[in-house]
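A quick write-up on the structure given underneath.
Every number here is computed from the coordinates shown, using simple stated rules; none is lab data. Just so you know, these numbers come straight off a predicted model, no measurement behind them. Glycine also receives a Cβ, built like all others from the backbone with ideal geometry; neighbour counts cover every protein chain displayed.
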């Protein structure tokens, strides 16, 4: 399929009598002129049910031109479901939708786009083998006299990037881009279709702090121009920073809609979770000098054959959390993959309790006591088309008590799954539920349950709370601290500086594949940390 699409996009000419090209309906007249402050979308009494779940319960929601309206709630609160109804991906069971004052029945994304509504999804919908420009125009390929006219598309996209200060190489293939750059492509896809109502589903979940600032600057500029922006999130600080109003959902119901300037993070957290949330984590001192992980002069190549790790060295003691900070794309992904042998080391050594594990099989690494929470939880952490029962035994399925002589022991697997689901508070209708139907927070809890079972010697936790709500984040951070107390050495890879500062005993900063320095957390200066993330090596670091 990918090859077919690529071939079609790259054709120089079409057949002599090409079929008429399907076009998006033009936007209706009432959407052409929008007064800032006027209501552009109103959803009344929206209800949506799935088997065994009431996802949206009589929800009322509106957004105005020129505002950024945050839709806040825990994972599974119904935020994305509500917006998928507005975007035409789901059909409401009951309720009404008004766009620019006129009642509409949105039956597909195509109809939503024709009304000026665009949606940028949390999980990218890009074709990795195609270029940026090919992805942006896919489905709307420009033609001129029977030929594909990429020049006109490039001119339009370049103007959009200049206007909103987005930077991305239009000729690069998607697989060559960082996660943050791919996010920009998704936004450009929506803007290319001339939408004026933009839904962003957890847009900062994959961005570095610098990229978040750039995105927020662009969104503020768009709001000033009259765009109506719906910002789905669970991050309280971002709600306070970017939104004009915020609507809080909990268990499918609207708890409140308030002006952001008249509320606080603590009050929003209470509305989200239904209880007080503790934001501070107690840091427990390291009690052992025993080195569990030692990395010496490690080198590795990236997917393009370029040197991604350039002599990385560090160690982690028993019961210590070493935080690895850095802007996305500076070698973090390659490092975690080398440590679990999903990528070969070009040079250097990785020692676990004094024993070299470099370039061994992943199975050997697991058997030596290494646990892994990957950055890409859906691609590497779980098999979404397997039930919970199969996912919890991915590492241990080939031996007793879960299998014998090539046959799975379903009774043992079910008992083990139920124990972990209960212990780690994984919210699911059943242990037989397929993982694709779990919320992001519950998928992450499931991964933690599997990886922390049995107290590993080393835990590599990459972006463990990315995309999670405040309740799930609090839970997972506390679980990491508990694992530290149990004596596990933890490498915490995170782009969330607050997370790094609150959990880590020492902080290492990586820049362009090199460690700029390692500093005890109590001696960290935020300005110095920022300089290190920009490539400046301080004198005070190890």
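Among DSSP beta bridges lying fully in the stretch 35-272, give the percent that are antiparallel, nearest 5.
55
Counting DSSP beta bridges in the chain, what percent are antiparallel, to the nearest 5?
Just about 60 percent of them are antiparallel.
Kirkwood Rh over Cα pairs of the chain into Stokes-Einstein at 20 °C, 1.002 mPa s: D in µm²/s?
Calculated translational D: 85 µm²/s.
Taking Cα atoms, how many degrees apart are the long axis of helix 410-423 and the longest axis of the chain, rounded to 10 and kept between 0 and 90?
80
Using bins 10 angstrom wide from zero, how does P(r) for the stretch 291-533 break down, in % of all Cα pairs?
7, 31, 36, 20, 5, 0
Sorted by average packing, counted as other Cβ atoms within 10 angstrom per residue and highest first, what order do 457-464, 261-268 take?
Taking the mean over residues of other Cβ atoms within 10 Å, the ranking is 457-464, 261-268.
With the convex hull built on the Cα atoms of the stretch 395-542, state its orientation-averaged projected area in nm². Intermediate results must be reported in sequence, preceding the final value.
Values: hull surface 44.0 nm².
Averaged projected area of the stretch 395-542's Cα convex hull equals 11.0 nm².
Normalised by the residues of the chain, what does the relative contact order come to in percent, with Cα pairs under 8 Å and at least six apart?
Dividing the mean separation by the residue count of the chain yields 14 percent.
Principal axes first, then extents: for the Cα atoms of the stretch 323-416, list largest minus smallest coordinate on each axis, whole Å, largest first.
Projected onto the principal axes, the Cα atoms of the stretch 323-416 cover 44, 29, 21 Å.
Is it possible to state the helix-based mean residue ellipticity at 222 nm for the chain, with each DSSP H run of 4+ residues giving -39500 (n - 2.57), the sum divided by total residues, to the nearest 500 deg cm²/dmol? What is it?
Computed ellipticity for the chain at 222 nm equals -9000 deg cm²/dmol.
So what's the angle, to the nearest 10 degrees on a 0 to 90 scale, between helix 150-164 and the longest Cα principal axis of the chain?
Once rounded, the angle reads 70 degrees.
Computed on alpha carbon atoms, what radius of gyration and Dmax characterise the stretch 188-335, expressed in Å?
Just the Cα atoms of the stretch 188-335 yield Rg and Dmax of 21.0, 59 Å.
Give the distance, in whole Å, between the Cα centre of the stretch 415-434 and the Cα centre of the stretch 55-107.
That distance is 31 Å.
Give the peptides 503-515, 400-412, 168-180 in descending order of average Cβ contacts within 10 Å, highest first.
Values: 503-515: 22.3, 400-412: 11.5, 168-180: 16.8.
Sorting 503-515, 400-412, 168-180 by mean packing, highest first, produces 503-515, 168-180, 400-412.
With angles folded into 0 to 90 degrees, how steeply does helix 470-485 sit against the dominant principal axis of the chain? Use alpha carbons for both and round to 10.
So the helix axis and the longest Cα principal axis differ by about 10 degrees.
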